[in-house]
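Novice: Take a look at this one; I'll ask things after.
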Amino acid sequence: MSQSYDRGLIEDFGRWTEFSAGMWAWIFHKFTGWVLIGYLFTHIAVLSTAMSGPEVYTSTLQGLEALLIVRFLEVGLLAVAVFHILNGVRLLFVDLGVGLESQDRSFYASLVLTGAIVIASIPTFLAGAI
Amino acid sequence: MAERYSSFEPKGTRWLLQRLTAAFLVVVLAFHFMTLHFVNHAADVTFAGTQMRMQQPGYFVTMVAFGLTATFHGVNGVYNALVNQGIEGTGKTAVKWVLIVAALLLGVQIIRVATVMAGVSIA
């Protein structure tokens with residue numbers, strides 16, 4: 001069941017202290033979405049080095065992976081992607097009308113699970129760089 | 001509490017396509033991360049390894065579909081976020097066409113790169 005809701009001016013970030021969990025979920029989903037579409041263009045640009053030859057592709061990717069800052073950026077990308085996925089699944093359930101009464105808790109669960117997955121993945125992402 | 005903060009008009013075509021592509025991307029993005037960060041370490045990626053994966057028809061089709069679907073989902077999401085921010089008139093039309101052209105260019109590049117990775121030559 002869909003019902004209209006006057007959420008007020010979410011664009012007025014000056015009243016951020018009044019934002020509810022759902023409002024933060026909306027903002028985080030937008031922010032992570034902007035990061036991911038920006039990354040998609042960057043990712044394809046890097047992979048396009050394959051068109052300059054196998055050696056250029058391999059040396060570009062391995063050269064980037066040798067930079068510690070890139071490894072940390074990858075951890076950040078993982079955090080952004082995992083949150084976008086988990087909150088996206090949450091939104092799909094909301095759209096299907098499932099768990100409407102647990103939207104706040106499912107948002108907090110998305111945050112906690114994102115944190116847990118990212119922390120558990122840090123050793124793999126930084127392996128060989130430090 | 002049943003508040004909704006969607007950027008979309010519920011039940012619209014763009015709304016539905018965003019959900020359908022999301023369902024596909026959730027699975028494939030997780031697979032992509034697992035394959036290229038945990039099964040194969042990103043630092044160990046070489047063109048030979050990439051080509052070996054991309055020469056498997058199922059993997060090739062999945063990755064191309066992944067790229068094109070992500071492009072649509074991203075561009076559609078950006079457009080709707082901007083509409084939600086109140087963009088309208090000429091600005092809305094300009095944004096729409098810039099995003100369409102950007103998506104088409106990216107989509108073509110995804111296919112070009114994928115075919116090169118697979119060792120397939122398209123004239």
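We did not get these values from a lab; they are worked out from the coordinates using the rules stated. These numbers were taken from a predicted model, which means no experiment stands behind them. Positions of Cβ are generated from backbone atoms using ideal geometry, with glycine treated the same way; all protein chains shown enter the neighbour counts.
Novice: What value, in deg cm²/dmol to 500, does the helix sum -39500 (n - 2.57) over DSSP H runs of n ≥ 4 give at 222 nm once divided by the residues of chain B? Could you put the intermediate results ahead of the total?
Specialist: On the way: 4 runs with 87 residues, N = 123.
That calculation yields -24500 deg cm²/dmol at 222 nm.
Novice: So which residue, out of A:V80, A:V118, A:V56, gets the largest mean-square fluctuation from a GNM of chain A using Cα contacts under 10 Å as springs?
Specialist: It is A:V56.
Novice: Between Rg and the Kirkwood Rh of region A:56-121, both from Cα atoms, what is the Rg to Rh ratio?
Specialist: Working: Rg = 16.4 Å, Rh = 13.6 Å.
Reported Rg/Rh, Kirkwood definition of Rh: 1.20.
Novice: Based on Cα positions only, what radius of gyration and what Dmax would you give for region B:13-118, in angstroms?
Specialist: 16.3, 49
Novice: What ranking of B:H73, A:H43 emerges when the number of other C-beta atoms within 10 Å of each C-beta is taken as an exposure proxy, fewest first?
Specialist: Numbers: B:H73 23, A:H43 15.
Listed from fewest to most nearby Cβ atoms, that is A:H43, B:H73.
Novice: Here is a further query. Once all Cα-Cα distances of chain A are split into 5 Å bins that start at 0, what whole-number percent is in each one?
Specialist: 2, 9, 14, 16, 17, 14, 10, 8, 6, 4, 2, 0
Novice: Another one. If I build a Gaussian network model for chain A, linking alpha-carbon pairs within less than 10 angstrom, which residue out of A:R71, A:R90, A:R105 has the largest mean-square fluctuation?
Specialist: Judging by the Gaussian network model, the answer is A:R105.
Novice: Pick out which of B:V75, B:V108, B:V64 has the largest mean-square fluctuation in a Gaussian network model of chain B, springs linking Cα atoms closer than 10 Å.
Specialist: In this elastic network of chain B, the residue with the biggest mean-square fluctuation among B:V75, B:V108, B:V64 is B:V108.
Novice: Then there is this: Run through all the Cα pairs of the protein assembly as shown and give the fraction in each 10 Å bin from 0, expressed as whole percent.
Specialist: Per 10 Å bin, starting at zero, the Cα-Cα P(r) for the protein assembly as shown comes out as 6, 27, 33, 22, 10, 1 percent.
Novice: Rounded to the nearest 0.05, what FRET efficiency do B:K92 and A:A129 give with R0 = 45 Å and r taken as the Cβ-Cβ distance? Could you check? Walk me through the numbers before you get to the answer.
Specialist: Numbers: r = 44 Å, r/R0 = 0.98.
For R0 = 45 Å, the calculated efficiency reads 0.55.
Novice: List every DSSP H helix in chain B whose Cα atoms extend 24 Å or more along the helix's own long axis and whose mean Kyte-Doolittle hydropathy is at least 0.5.
Specialist: Within chain B the helices that satisfy the rule are B:13-33, B:57-84, B:89-118.
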